[in-house]
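**Q** Structure below; questions to follow.
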Amino acid sequence: MTTHDSDADPWASSAPFYDLDLEGVDDDVVMYRELTRRQGRTVLELGCGTGRVAIPLAEAGLTVTGVDFSAGMLDVARQRAGDAPLTCVEGDMRSVRLRRRFSSVLIPFGGLQHMETPDEVVEAMQTVAVHLAKGGMAIVDIESPHPEDLEPGPQPLVMHWTRPWHGGQVSKLVAVEGRPAEGLRAVTFHYDLQPARGSLRRISHEFMLRVITRGELELAARLAGLRMGGAYGDYELSDAADGDDRLVAVFEHAS
């Protein structure tokens, strides 16, 4: 049996597996905690998902607001947060307006790449600018472009991992189709659930990821009234260079 996304919340079906997907990924959390502590106490995270970054920041004593498009993701975040002082808001990073400003605004771990067009990237950066306090700091983390991102057509199906799941197991497979003329990759996550008793069930989730270059990101920020203050290739803040896996960009108001 195969289950596909809900149009209302395309991430709802995969939300229960999101933390399994990022198990052990916390280097960026350490970076955000150190940088945001220096900046001030208020943090806005756009695309907070299940709270992987937001919850540790809240537990560190920061006042954190997390915004996500997916109600399913936010449900998981609220359950995980427990007593941590995290405020969750359902909203679209292209258009959400909270009528307040924050000392730090974050878009971690490729969240900006869910913007499918250059205009949408600019809109998301405008949201960053609107919510960033004077003298504040914004951090955007995206995947650096790689040669395979320019390969058109379907790529081989890849098995990512198998993990224990409620007495059974779940396996994640990933299919990618390159659309370089549009600067996009069509990505499908397949989660194969094998319960301890019963038949195999597949949950599939399809979405687009934009390939964003440093130049496109910097231009979008300028159009939003922001200035890039630094570009780094990892979470230890090494200077960005060819071949890096990540691009971690730091922004401030241009004036």
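**Q** Just the residues that are among the hydroxyl-bearing types (Ser, Thr, Tyr) and either surrounded by 17 or more Cβ atoms within 10 Å (Cβ to Cβ) or under 14 Å from the mean Cα position of the chain (by Cα) (or both), please, taken from segment 54-109. If you could, list the steps in order and put the result at the bottom.
**A** Initially, segment 54-109 is screened for residues among the hydroxyl-bearing types (Ser, Thr, Tyr), giving 63, 65, 70, 87, 95, 103-104.
If the condition is that a residue be among the hydroxyl-bearing types (Ser, Thr, Tyr) and either surrounded by 17 or more Cβ atoms within 10 Å (Cβ to Cβ) or under 14 Å from the mean Cα position of the chain (by Cα) (or both), then 65, 70, 103, 104 are the ones that fit.
**Q** Just give me the residues in segment 17-55 being in contact with a Phe, Trp or Tyr (Cβ under 7 Å, 6 or more places away or on another chain) and of a type in the set (Gly, Ala, Ser), in sequence order.
**A** Within segment 17-55, 49 is the sole residue that qualifies.
**Q** Here is a follow-up. So which strands (runs of 3 or more DSSP E) are wholly in segment 145-255 and hold at least 2 residues that are touching a helix residue (DSSP H, G or I) at 6+ places or on another chain (Cβ under 8 Å) and farther than 30 Å from residue 102 by Cβ?
**A** Details: elements: 158-165, 168-179, 184-194, 201-210, 226-232, 246-253.
It comes to 158-165, 168-179, 184-194.
**Q** Which of the following residues is in the same structural domain as residue 109 (by TED's automatic domain parsing) and buried (at least 17 other Cβ atoms within 10 Å of the Cβ): 223, 217, 184, 237?
**A** Answer to the check: 217.
**Q** Output the qualifying pairs, or none if there are none: Cβ atoms under 6 angstrom, residues six or more apart or on different chains, first residue in segment 103-130 and under 26 Å from residue 22 (Cβ atoms), second residue modelled with pLDDT under 95.
**A** 103/39; 103/40; 104/39
**Q** Still on this model: Which of the residues belonging to segment 205-255 are among the aromatic types (Phe, Trp, Tyr) and in contact (Cβ under 8 Å) with a residue 40 or more places away in the chain?
**A** 207, 235, 251
**Q** If you check residue 41 against the conditions, is it in contact with a strand residue (DSSP E or B) (Cβ under 6 Å, 6 or more places away or on another chain), among the basic types (Lys, Arg) and more than 19 Å from residue 208 (Cα to Cα)?
**A** Numbers: in contact with a strand residue (DSSP E or B) (Cβ under 6 Å, 6 or more places away or on another chain): yes; among the basic types (Lys, Arg): yes; more than 19 Å from residue 208 (Cα to Cα): yes.
Here the answer is yes, as residue 41 does meet what is asked.
The values are calculated or read from the model by the stated rules, or taken from the named source; none is laboratory data. Predicted, not measured: the structure shown is a model, and the values here were computed from it. Note that each Cβ is placed from the backbone with ideal geometry, even for glycine, and that neighbours are counted across all protein chains shown.
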